[in-house]
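Read through the structure below, which is laid out as structure tokens, and then see the notes.
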């Protein structure tokens, strides 16, 4: 599989529940970023986590990073219908480059 | 909050025509990028631009594509002789520092330009 693969590909939950999305990657990284994309819209940056960090919080979002397993998770707590979107992880692949490699995304649907 | 702006939001063009997609990056940012997303597929890197020159490009970014910063605010992507497979959402992005900077770096994306080649 390619760098930055999200799991699950699709997730449907009820409003108020928590949503967990996972991302796996292949190479070493310096940073991993999570983005949200509403249907047909732009990419909204959510959180950046560096390779020396294990967890970061931003409001209802919690991101973890396990570099030994080459994986990250995004947790959205107390989900709302407005959280319905696709969520992508993106990595820098740890080289000197200045490009992000995106995963295929998780499509989250939050039912009211 | 400052944002990356892109025009047009939608463009339909005939196969073989040239297209210019325009972007205004965030004003104090120094690095500029173009990415694209074919419908239903992953977001793919095209090119990065710094100090008035291309710093990196992907295999997708062949001679059909070019980028330019014609003035102090705009950043453009030109696609020559468009093909059906160029139909995609094209995202402009910008960042203050290099992705590998010690503090980590956030890349901000615009809303995208939908290009449909018919």
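Descriptive notes on the structure:
- Modelled FRET efficiency - R0 22 Å, residue A:20 with residue B:39, Cβ distances, 0.05 increments: 0.25
- Modelled this way, with points 7 Å down the Cα-to-C-beta line, the labels at residue A:58 and residue B:80 are 3.9 nm from one another.
- Shielding by partners - mean other protein chain Cβ count within 10 Å, residues of A:29-37: 3
- For the stretch A:1-67, the C-alpha radius of gyration divided by 2.2 N^0.38 Å, with N the number of residues, is 1.18.
- Cβ neighbours within 10 Å from other chains - mean over A:99-106: 6
- Distance between modelled label sites at residue B:66 and residue B:27, nm, 7 Å Cα→Cβ extension: 3.0 nm
- Shape of the stretch A:31-102, Cα gyration tensor, a/c cut at 1.5: oblate
- Of the peptides B:77-84, A:41-48, the ranking by mean beta-carbon count within 10 Å, highest at the top, reads A:41-48, B:77-84.
- Cβ neighbours within 10 Å from other chains - mean over B:87-100: 3
Bear in mind these aren't lab numbers, they're just calculated from the coordinates by the rules spelled out. Nothing here was measured: the structure is a model prediction, and the numbers come from that model. Every residue, glycine among them, receives a Cβ derived from its backbone with ideal geometry; neighbour counts consider all protein chains shown.
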